[in-house]
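Novice: Okay, handing you the structure first.
The values are calculated or read from the model by the stated rules, or taken from the named source; none is laboratory data. Being a predicted model, the structure only gives us computed values, none of them experimental. Here Cβ is always computed from backbone atoms with ideal geometry, including for glycine, and neighbour counts include all displayed protein chains. Keep in mind that these areas ignore ligands, DNA and RNA; they rest on the heavy atoms of the full protein, side chains included. Shrake-Rupley method; radii C 1.70, N 1.55, O 1.52, S 1.80 Å.
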Amino acid sequence: MKKLRIRTGDTVRVIAGDHKGSEGKVMNVDKTSDRAIVEGVNMVSKHEKPSANNPQGGIVKKEAPIHISNLSLIDAKSGETTRVGFEVRDGKKVRFSKKSNEVI
């Protein structure tokens, strides 16, 4: 398995691409393709056929995956983007913010 620095539930900012500057919460991470779905970012229009859940059908707006390299974690303390590091603290491997040096 790959070691990804962004996980589900993290708050991130888009740092490259069409949606640069947008912020949102990570809803899902796909480790095989290195992509994440971020709430309210990279919205696409999807045509849906009528079904039991959606009897009308029609065009639905939904989030599309965005590559992990275009995302940067937002530090909860300062509100700025930060890089993520890994280290062992108290016998456990933890992620920490490189700006504030606090455990995420």
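Novice: How big is the accessible area of Glu23 in square angstrom, nearest 10, if you roll a 1.4 angstrom probe over the protein chains?
Specialist: About 100 Å², ignoring ligands and nucleic acids.
Novice: On the full set of protein chains, 1.4 Å probe, figure out the accessible area of Thr32 and give it in Å² to the nearest 10.
Specialist: For Thr32, solvent-accessible area is about 120 Å².
Novice: Given (1) 133; (2) 85; (3) 95 as candidate values of volume of the Cα convex hull per residue in Å³, which corresponds to the one derived from the coordinates?
Specialist: (1)
Novice: On full extension of the chain, what length is gained from Glu39 through His67, given 0.36 nm per residue of separation minus the C-alpha to C-alpha distance?
Specialist: Working: separation 28, 0.36 × 28 = 10.08 nm, distance 1.39 nm.
Using 0.36 nm per residue and subtracting the Cα-Cα distance, I get 8.7 nm.
Novice: Using the beta-carbon distance between Asn53 and Lys25 and R0 = 22 Å, what value does 1/(1 + (r/R0)^6) give for FRET efficiency, to the nearest 0.05? Please list the in-between numbers first.
Specialist: Numbers: r = 24 Å, r/R0 = 1.10.
So, using R0 = 22 Å, E works out to roughly 0.35.
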